[in-house]
Structures are given as structure tokens and as C-alpha cells.
1. Which residues, taken from the range 23-50, are β-branched (Val, Ile, Thr) and over 11 Å from the mean Cα position of the chain (by Cα)?
2. Restricting to the range 7-38, count the residues that are surrounded by fewer than 16 Cβ atoms within 10 Å (Cβ to Cβ), touching a residue at least 40 places away in the same chain (Cβ under 8 Å) and not in a helix (DSSP H, G or I).
3. Could you list, ordered by first residue, the pairs with Cβ atoms under 6 Å in which the first is in the range 68-87 and free of Cβ contacts under 8 Å to residues at least 40 places away in the same chain and the second is small (Gly, Ala, Ser) and crowded, with 16+ Cβ neighbours inside 10 Å, at least 6 apart or interchain?
4. Collect the residues in the range 69-106 that are outside any strand (DSSP E or B), among the β-branched types (Val, Ile, Thr) and surrounded by 15 or more Cβ atoms within 10 Å (Cβ to Cβ), keeping them in residue-number order.
5. Give the number of residues within the range 82-104 that are among the aliphatic types (A, V, I, L, M), near the ligand (Cβ under 10 Å from one of its atoms) and touching a Lys or Arg at 6+ places or on another chain (Cβ under 8 Å).
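Every read-out reported here was derived from the displayed coordinates using simple, explicitly stated rules and does not represent laboratory data. The structure displayed is predicted, hence computed values, not measured ones. When we count neighbours, we look across all protein chains shown, and the Cβ atoms used for this are built from the backbone with ideal geometry, even at glycine.
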Amino acid sequence: MPAPRPQAIRRRDDAAIEIVWSDGATAAYTPRLLREACPCATCREQRSIPATANPLQVLGPAELSPLTIVGMEPVGQYAYKISFSDGHDSGIYTLDYLRELVVDGR
Ligand SMILES: [Zn+2]
């Protein structure tokens, strides 16, 4: 069976991105979910640091203001580059990875 591919991608009123997959699944991705799952090297490195490493860290302005997706452009046939309102745009999300985020049930 071929890997599922997006049939439609649309932006919902609540700022989430909704993807209708070729296998019939419909999945919503909130900006926060995608941002926290950003696959770029910098974010992966940050996530590998235990949260307890800096107990005094407070939320920065970027975390307090509503996060939105400002751009989503195809990269080749199998990935999307997603730009966020906090200025971060170095994450390349493959279709496989986007499907994994669904399977996680988050
Ligand atoms: Zn990143």
C-alpha cells in the first residue's frame, strides 16, 4: 500500500492546519504542536536537554503571544517547510513525519 499523501491542506479558523490524507484520515495540527515537534537540528538539540536543566526559565514573549503558522510551502514531493509567527522557519516536515505526529494522538 502506498504511503498516504495529503489530498487537501487547509487552515482552520482556530489557526490549526488540517490535512486530509489519501487514506481517508483527517488530522489537525496546531501551531504549537508543529512548533514543538520542529525537526530542525536546533530544536532537536533543545528538546534533548531535560526540562529540569533550567528550573528558573520563564516563558519568553514568543511563548506568551499566540503562535500562528505564517507559511507552509512544499519542499520537493515529500516535505513541507513551515514558517511560524515567532520567526522560526528552518523545520522541514516530511510527510512521514506529519503522519507520525497523527499516530502519536497529539
Ligand atoms: Zn526548529
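1. Looking only at the range 23-50, we keep the residues that are β-branched (Val, Ile, Thr), and these are 26, 30, 42, 49.
Those that are β-branched (Val, Ile, Thr) and over 11 Å from the mean Cα position of the chain (by Cα): 26, 42, 49.
2. Summing the residues that are surrounded by fewer than 16 Cβ atoms within 10 Å (Cβ to Cβ), touching a residue at least 40 places away in the same chain (Cβ under 8 Å) and not in a helix (DSSP H, G or I) in the range 7-38 gives 4.
3. Taking only residues 6 or more apart or on different chains, the pairs are 70/83; 70/85; 71/83.
4. The initial filter retains those residues of the range 69-106 that are outside any strand (DSSP E or B), namely 76-78, 85-90, 95-106.
Subsequent filtering for residues that are among the β-branched types (Val, Ile, Thr) retains 102-103.
102 - this is the single residue of the range 69-106 that is outside any strand (DSSP E or B), among the β-branched types (Val, Ile, Thr) and surrounded by 15 or more Cβ atoms within 10 Å (Cβ to Cβ).
5. Narrowing the range 82-104 to residues among the aliphatic types (A, V, I, L, M): 82, 92, 95, 98, 101-103.
Then drop every residue that is not near the ligand (Cβ under 10 Å from one of its atoms), which leaves 82, 92.
From what is left, the residues that are touching a Lys or Arg at 6+ places or on another chain (Cβ under 8 Å) are 92.
Final tally of qualifying residues: 1.
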